[in-house]
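Contents: one structure, followed by commentary.
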Amino acid sequence: MVIEANLDEILHLMDEIIQDPGVPRNIRSAVSDAKELVTKKEGDPVVNVTQAIYILDEAANDVNIPMHTRTQIWSLISALEAYKESMK
């Protein structure tokens with residue numbers, strides 16, 4: 001299923017950011033929170049993904065974020081937007 005494959009890629013990218021010691025702790029925490037929302041079984045999945053996108057958007061605007069991580073988060077937001085559209 002294409003949707004599952006996209007979700008696997010999204011979760012893999014989130015794990016890469018979470019495990020990167022060069023990423024500030026608050027950014028790793030935000031990505032971890034977003035991951036919990038995306039994998040959450042309760043509630044409306046579209047709403048959960050939307051909340052995750054907002055969390056990641058705030059993290060991407062942090063002044064202390066490394067440029068390569070900001071780019072990863074932008075890619076992640078884009079992938080989540082596509083994933084959300086595929087769920088509708």
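The values are calculated or read from the model by the stated rules, or taken from the named source; none is laboratory data. This structure is a prediction, so every number in the text was calculated from the model and none was measured. Every residue, glycine as well, gets a Cβ built from its backbone with ideal geometry; the counts of neighbours run over all protein chains shown.
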Residue among 43, 22 that is of a type outside the set (Val, Ile, Thr), assigned to a loop (DSSP other than H, G, I, E, B) and in contact (Cβ under 8 Å) with a residue 12 or more places away in the chain: 22
Here is a check on your reading of the model: is residue 51 modelled with pLDDT of 95 or more, surrounded by fewer than 13 Cβ atoms within 10 Å (Cβ to Cβ) and in contact with a helix residue (DSSP H, G or I) (Cβ under 9 Å, 6 or more places away or on another chain)? no
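Please work out if residue 32 is within 26 Å of residue 87 (Cβ to Cβ), small (Gly, Ala, Ser), assigned to a helix (DSSP H, G or I) and at pLDDT 95 or above.
Values: within 26 Å of residue 87 (Cβ to Cβ): yes; small (Gly, Ala, Ser): yes; assigned to a helix (DSSP H, G or I): yes; at pLDDT 95 or above: yes.
Taking the combined requirement at face value, the residue satisfies it.
Yes or no: the stretch 71-87 includes at least one residue that is free of Cβ contacts under 8 Å to residues at least 12 places away in the same chain, under 17 Å from residue 8 (Cβ atoms) and part of a helix (DSSP H, G or I). Spell out the reasoning first.
First, the residues of the stretch 71-87 that are free of Cβ contacts under 8 Å to residues at least 12 places away in the same chain: 71, 78, 85.
Now restrict to residues that are under 17 Å from residue 8 (Cβ atoms): 78.
Next, from what is left, pick out any that are part of a helix (DSSP H, G or I): 78.
Yes: the stretch 71-87 contains one or more residues that are free of Cβ contacts under 8 Å to residues at least 12 places away in the same chain, under 17 Å from residue 8 (Cβ atoms) and part of a helix (DSSP H, G or I).
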Please find, within the stretch 54-70, the residue that is nearest to residue 13 (Cα to Cα) out of those that are aliphatic (A, V, I, L, M), touching a helix residue (DSSP H, G or I) at 6+ places or on another chain (Cβ under 8 Å) and assigned to a helix (DSSP H, G or I). 56
Could you say whether any residue in the stretch 21-29 is closer than 18 Å to residue 75 by Cβ, surrounded by fewer than 18 Cβ atoms within 10 Å (Cβ to Cβ) and either touching a Phe, Trp or Tyr at 6+ places or on another chain (Cβ under 9 Å) or modelled with pLDDT under 95 (or both)? yes
